[in-house]
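Peer 1: Sending over a structure as structure tokens; questions will come in a sec.
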Amino acid sequence: MKSIQLPLFKKTARLLIRPLELHDYENWAQAYSNLLPPQNEWDETSWVDSELTLKKFKDLLKTQNQLRAKDSYYHFGIFRKDDGMLVGEVNLMDISRGIFQNAYLGYRVFNIYWNNGYATEACEAALKIAFKDLKLHRVEAGVSPANKASIKVAKNLGLRKEGLSQRRVYSNKKWVDLILFAGTAEDFGFKYRFSQK
């Protein structure tokens, strides 16, 4: 499939979901340098200065643009509309076309912004991009059984629990189980017309 040429962004009540751009550098560097210590095993701490240079950011943008052009991975920043702050990211990853028309949903809200409902709001927007703009049929989310907050997000989104996928991904030097949640275009009110273009 050719790369999607739409302006891929969505506005919600409080957020703007869009790809990162060069003018976001200072916002991005500030966001990744002001994190609290990790709050759980899936969280991360602030990045060191050497990872927050303008060159690193330009390299990141180049990689993200290349992946979008290949229609394989769509990365979006989560920005607050009221002050423009970058509060996290949401991604549509590992896109499969052909007979699958599938993507994986992933997100991160920076820990200083937890407990504001941003994850659910941003992921709802990402699902609309997936089904309306990218014309995908199915979106899956894999969640650790111990990650109660992300399980709650998946349920709030209306994704159905499809079961435990054993040794699904390699993380922290071991294979870990994930609960698989999924939804299709029809589940979210989008009429789907199959095309392998």
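Computed from the coordinates by the stated procedures, all read-outs in this text should not be read as laboratory data. Fair warning: this is a prediction, and the values are worked out from it, not measured in the lab. Heads up, the Cβs are rebuilt from the backbone with ideal geometry, glycines too, and the neighbour counts pull from every protein chain shown.
Peer 1: Using 0.36 nm per residue of separation minus the Cα-Cα distance, give me the extension gain between Lys81 and His23 in nm, one decimal.
Peer 2: On the way: separation 58, 0.36 × 58 = 20.88 nm, distance 1.60 nm.
This chain segment gains 19.3 nm when fully extended.
Peer 1: Rank Lys70, Lys148, Lys174 by mean-square fluctuation in a GNM of the chain with C-alpha springs under 10 angstrom and give only the top-ranked residue.
Peer 2: In the Gaussian network model the winner is Lys174.
Peer 1: Same structure again: Counting only chymotrypsin sites (Phe, Trp or Tyr not before Pro) that sit in a DSSP loop (anything but H, G, I, E, B) with at most 13 other Cβ atoms within 10 Å, what is the longest stretch of the chain containing none of them?
Peer 2: So the longest stretch without any such site is 1-99.
Peer 1: If you rank Ile78, Ile99, Ile179 by fewest surrounding Cβ atoms within 10 Å, what's the result?
Peer 2: Ile99, Ile179, Ile78
Peer 1: Could you work out the relative contact order of the range 148-197, using alpha carbon pairs under 8 angstrom and six or more residues apart, expressed as a whole percent?
Peer 2: For the range 148-197, the relative contact order is 28 percent.
Peer 1: Hey, another quick one. Return Leu35, Leu15 ranked ascending by Cβ neighbour count within 10 Å, so the fewest neighbours appear first.
Peer 2: Starting with the residue having the fewest Cβ neighbours, the order is Leu35, Leu15.
Peer 1: Here's something else I'd like to know. How large are Rg and Dmax for the range 71-162 when only the alpha carbon atoms are used, in Å?
Peer 2: 13.2, 42
Peer 1: Right, here's the next one. Working out 0.36 nm times the residue gap between Lys148 and Ser171, then minus their Cα-Cα distance, what length gain in nm do you get to one decimal?
Peer 2: On the way: separation 23, 0.36 × 23 = 8.28 nm, distance 1.80 nm.
Result for the pair: 6.5 nm of gain on full extension.
Peer 1: Hey, another quick one. Which residue, chosen from Phe110, Asn91, Ser50, occupies the Cα position most advanced towards the positive end of the dipole of the chain, where the dipole is computed from +1 (Lys, Arg) and -1 (Asp, Glu) charges on Cβ about the Cα centre?
Peer 2: Among Phe110, Asn91, Ser50, the one farthest towards the positive end of the dipole of the chain is Asn91.
Peer 1: In addition: In which sequence would Thr120, Thr45 go, from the one with the fewest C-beta neighbours within 10 Å to the one with the most?
Peer 2: Thr45, Thr120
Peer 1: Restricting to Cα atoms and excluding each atom paired with itself, what does the Kirkwood estimate give for the chain in Å? Don't skip to the end; give the middle numbers.
Peer 2: Working: mean 1/r = 0.0569 Å⁻¹.
After inverting the pairwise mean of 1/r, the radius is 17.6 Å.
Peer 1: Can you figure out the FRET efficiency of Trp47 with Ile99, using R₀ = 41 Å and their beta-carbon distance, to the nearest 0.05?
Peer 2: So the FRET efficiency works out to roughly 0.55.
Peer 1: Could you give the size of the charge dipole of the range 40-197 about its Cα centre, using +1 on the Cβ of each K and R and -1 on the Cβ of each D and E, expressed in debye and rounded to the nearest 20?
Peer 2: Charge dipole of the range 40-197: 580 debye, to the nearest 20.
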